[in-house]
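**Student:** Can you keep this structure in mind? I'll have questions shortly.
The values are calculated or read from the model by the stated rules, or taken from the named source; none is laboratory data. The shown structure was predicted, so the numbers you read here are calculated from the model rather than taken from an experiment. All Cβ positions, glycine included, derive from the backbone under ideal geometry; neighbour counts span all protein chains shown. Accessible surface is based on the protein model in full, side chains and every heavy atom, while ligands, DNA and RNA are left aside. Shrake-Rupley method; radii C 1.70, N 1.55, O 1.52, S 1.80 Å.
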Amino acid sequence: MVGAGSLLYGQLTHYANSLLSVKEPQLITINAGSTGKQILRLLQTQRLIKHPRLLEWLWRVQRPQAQFKAGTYRIEPGMSVRVLLQQIQQGQEAQFTLRFVEGSYYQQWLNIIKTAPYIQHTLTIQSATAVAQILGIPNLSIEGWLFPDTYSYTAGTTDVELLRRAYQRMQQQLMVAWNGRRSQLPIHSPYELLILASLIEKETAIADERPVVASVFINRLRRGMRLQSDPTVIYGLEKPYNGFVSYSMLLRQTTSHNTYRIKGLPLTPIAMPGSAALQAAAQPTETDYLYFVVKPEGGGLHFSLDYSAHCRAVNIYRNAKKSSRAALP
């Protein structure tokens, strides 16, 4: 009997170390309350294992039934039977990722979440205001309050859970920036800092320019000048932006975000700022600049101290644009 037991133990050890029948990565989902027999049937159906009787004996020896954890698991080529059992006993579920970039909008976040695999969707009909209320966001405006980053999640994670994590991250990052802000800024609350950071995020993607852009906005706020930020106008448009900002958009359309018409900051953030934009808003460079415009050759912004210099820079930019259009076939 001892010899037979040793032989069986050796067979089971060899089987536990054998490789699954997997040629490419795949996923399996174990439902809550699944028994060992149901899991065995699932593995057989998906042709992951050979010799199911040996696996049944292996389960009996290891007695893992009470430790099976529901979830979605990733099976990789070269994975052994033992590793598979360890995964489902320890709940090592497959991880999926979502990437939200700096300067994106809430609606873009929703579109990404809607097409992401294995997310449980609960926000299909709720408005942005309703979602802000669910998350407990002040002002009931969700724009700006979600921190752009890469987020990992497991199958069955709800869209609300992902957004709540992003909101909590933004709260943390915003308070770090607020507590480290330079003294005597004309910014009176963390929310105003968040709004300013969103403007900076949309004006430039160049790291060295962000603190300088911040300084222009700070200098204008101190002087009571309008911020005159094109991205705020674009954000407030009722119709989809077609890539062109007209004179009518800038000076004739009064919205809560058109900083050519209103004084001070817009009513809400206009995008999701990243940590660099938050830091730039809190620690702007000390400059006397009051204006900036895109360089005609691209690659950044041209900053000016006074309106005359700014007009010259704008004319250079416009002439360059006309020349480039004229050169098109």
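**Student:** Only residues in segment 93-117 that are part of a loop (DSSP other than H, G, I, E, B) count as the first member; pair them with residues that are of a type in the set (Asp, Glu) and open to solvent by 10 Å² or more (accessible area, probe 1.4 Å), Cβ under 7 angstrom, at least 6 apart or cross-chain, and list the lot.
**Tutor:** Note: pairs meeting the criteria are Phe100/Asp149; Glu102/Glu201; Gly103/Glu201; Tyr105/Glu143.
**Student:** In segment 111-144, what residues are open to solvent by less than 20 Å² (accessible area, probe 1.4 Å), within 13 Å of the chain's Cα centre (by Cα) and not acidic (Asp, Glu)?
**Tutor:** Correct list: Ile113, Ala116, Gly144.
**Student:** Could you check, for segment 60-72, whether at least one of its residues is open to solvent by 70 Å² or more (accessible area, probe 1.4 Å) and modelled with pLDDT of 80 or more? Break it down into steps so the answer makes sense when it comes.
**Tutor:** Quick first cut of segment 60-72, residues open to solvent by 70 Å² or more (accessible area, probe 1.4 Å) only: 60-63, 65-67, 69.
The next check asks that each one be modelled with pLDDT of 80 or more; those that pass are 69.
Yes, segment 60-72 has at least one match.
**Student:** So, of the residues in segment 130-153 that are touching a residue at least 60 places away in the same chain (Cβ under 8 Å) and of a type in the set (Gly, Ala, Ser), which turns out to be farthest from Leu98 (Cα to Cα)?
**Tutor:** Among those residues, the one meeting the criterion is Ser141.
**Student:** Something else: Residues of segment 195-209 being in a helix (DSSP H, G or I), closer than 13 Å to Glu102 by Cα and not acidic (Asp, Glu), which ones?
**Tutor:** At the first step, the residues of segment 195-209 found to be in a helix (DSSP H, G or I) are 195-203, 207-209.
Filter once more, so that each one left must be closer than 13 Å to Glu102 by Cα: 197-203, 207.
Those that are in a helix (DSSP H, G or I), closer than 13 Å to Glu102 by Cα and not acidic (Asp, Glu): Ala197, Ser198, Leu199, Ile200, Lys202, Ala207.
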